[in-house]
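Okay, here's the structure, questions in a sec.
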């Protein structure tokens, strides 16, 4: 097969999906790799490095989609890319369909195969391709939240760490998963008082064991949230339901419990957000204010640190790219359980149950979808 690596065209997306060392591994399996000119430059990778590893450089994104059987990307295809996708072509990338019904319907119409990074699971039912970006986003949530707490950015003018004689800020994190853990780790390291909430008591016990003494664990329920919001300077939303829309945990009415100038960072924005007032923003225009509360809801926070993010992401995706290339997607079955979990759409049919439920659309299990010719 021919593996294509296009240059990302989504605004502010500077990552690249595949590094030169993987080109060598792919070619050793008997496949070919084509890379769009300049695809890796903003991640610090020169075209010459891809050539040395055995890839061919093509001038345009049209050339990549025309020649490749498998497209490996970072972010979901935009409209101009959807027009280039061919029948039965395999697209391996972050899709986040649950946050974008329009993208879902347009991809269905391509009759191609969508394998989504965010729903690939390992043997322990973890999300290995979402994890590295969640780690970065969790840390950046604190970094950016601290900035927008400054009075010059519309915040209440609180230093996250405090200083001797002045109390630190209070950070409340909804969700104790990868985002929540990394947010808590960074906020605690800066000296903030940190509250972290989750519905899973076993997860809370784990967090309680590993976190420092300035991190406090709470069962996530409306009573606890309402009690904590008036004391919260920075609220971080880190709730995830794999392949589905994020549940709305914080309603607009609940914002009245927070003090003016407090900051919300909703990391779940890529899945629709876990706060009712969430709407996607960009790195150029990152904040808006609702009822005096500053909202930072930048979709794709890791895109702002492409050199870190590219290496972190490809460290995890590389083995799954090789795994995917060993599969025959036009047969009647797949061998890799991880890749099976990643297939959200197979030739016009939704094959991820959570995604189908998000939009009340027809679902078909992958095995039966693949058996239909």
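Read-outs: derived from the displayed coordinates by stated rules, not from any lab. Owing to the predicted nature of the structure, the values given are computational and were not obtained by experimental measurement. We place every Cβ from the backbone using ideal geometry, glycine too, and count neighbours over all the protein chains shown.
So if I take the alpha carbon set of segment 277-373, get Rg, then get Rh from the Kirkwood formula, what is the Rg over Rh ratio?
With Rg and the Kirkwood Rh in hand, the quotient comes to 1.13.
For segment 131-304, what does the relative contact order come out to in percent, with C-alpha contacts under 8 Å and a separation of six or more?
22
Next question, about the same structure. What nm distance separates the two modelled labels at residue 219 and residue 251, each placed 7 Å from Cα along Cα→Cβ?
2.1
If I histogram all Cα-Cα distances within segment 131-304 using bins 10 Å wide from 0, what percent of pairs lands in each bin?
Percent of Cα pairs in each bin: 11, 44, 38, 7, 0.
Additional query: Extending each Cα 7 Å along its Cβ direction at residue 28 and residue 105, get the distance between those two points in nm, one decimal.
Result for the modelled spin labels: 4.7 nm.
Another question about this same structure. Among 43-56, 72-85, how do they line up by average Cβ neighbours within 10 Å per residue, starting with the highest?
My ranking of the peptides, most packed first, is 72-85, 43-56.
In whole angstrom, how far apart do the alpha carbon centroids of segment 212-228 and segment 1-45 sit?
Segment 212-228 and segment 1-45 have Cα centres separated by 43 Å.
Cβ neighbours within 10 Å, averaged per peptide: list 261-272, 109-120 in order, most packed at the top.
Highest to lowest by the protection proxy: 261-272, 109-120.
Using alpha carbons only, how many degrees (0 to 90, rounded to 10) separate the axis of helix 101-110 from the longest principal axis of the chain?
10
How long are the semi-axes of the ellipsoid equivalent to the chain, from square roots of 5 times the Cα gyration tensor eigenvalues, in whole Å, largest first?
Result for the chain: semi-axes of 38, 22, 18 Å.
May I ask you to order 193-202, 31-40 by the average number of other C-beta atoms within 10 Å around their residues, highest value first?
For the peptides 193-202, 31-40, the packing ranking is 31-40, 193-202.
Continuing with the same structure: For the Cα atoms of the chain, what angle does the longest principal axis make with the long axis of helix 201-210, in degrees from 0 to 90, nearest 10?
Once rounded, one gets 80 degrees.
Using helices alone, I'd like the mean residue ellipticity at 222 nm for the chain: each DSSP H run of four-plus residues gives -39500 (n - 2.57), total over residue count, nearest 500.
-9500 deg cm²/dmol, from helical runs alone.
With springs connecting C-alpha atoms under 10 Å apart, model the chain as a Gaussian network and identify which of 95, 107, 359 has the largest mean-square fluctuation.
359
Antiparallel versus total DSSP beta bridges in segment 54-203: what percent is that, nearest 5?
10
Taking every DSSP beta bridge that has both residues in the chain, what percent is antiparallel when rounded to the nearest 5?
In the chain, approximately 20 percent of DSSP beta bridges are antiparallel ones.
Ok, one more. Can you compute the label reach from residue 331? Point 7 Å from Cα along the Cβ direction, backbone N cut-off under 19 Å, restricted to segment 356-373.
Only 366-373 fall inside the zone, counting backbone N under 19 Å.
7 Å from Cα along Cα→Cβ at both residue 227 and residue 79: what's the point-to-point distance in nm?
Reported label-point gap for residue 227 and residue 79 is 5.0 nm.
Could you work out the relative contact order of the chain, using alpha carbon pairs under 8 angstrom and six or more residues apart, expressed as a whole percent?
RCO, the chain: 17 percent.
Please report the equivalent ellipsoid semi-axes of segment 1-125, computed as sqrt(5 x eigenvalue) of the Cα gyration tensor, largest first, in whole Å.
Working from the Cα gyration tensor, I get semi-axes of 23, 16, 15 Å.
May I ask you to sort 365, 253 by Cβ crowding, counting other Cβ atoms within 10 Å and putting the fewest first?
Going from least to most buried by this count: 253, 365.
Considering only DSSP beta bridges where both residues belong to segment 131-304, give the percentage that are antiparallel (nearest 5).
If we restrict to bridges inside segment 131-304, about 20 percent are antiparallel.
Further question: Taking the Cα of residue 41, stepping 7 Å toward and past its beta carbon, and measuring to each backbone N in segment 290-314: which are under 19 Å?
Answer for this model: 304-308, 310.
Next question. What do you get for the angle between helix 178-189 and the principal long axis of the chain? Use alpha-carbon atoms, 0 to 90 degrees, nearest ten.
Once rounded, the angle reads 40 degrees.
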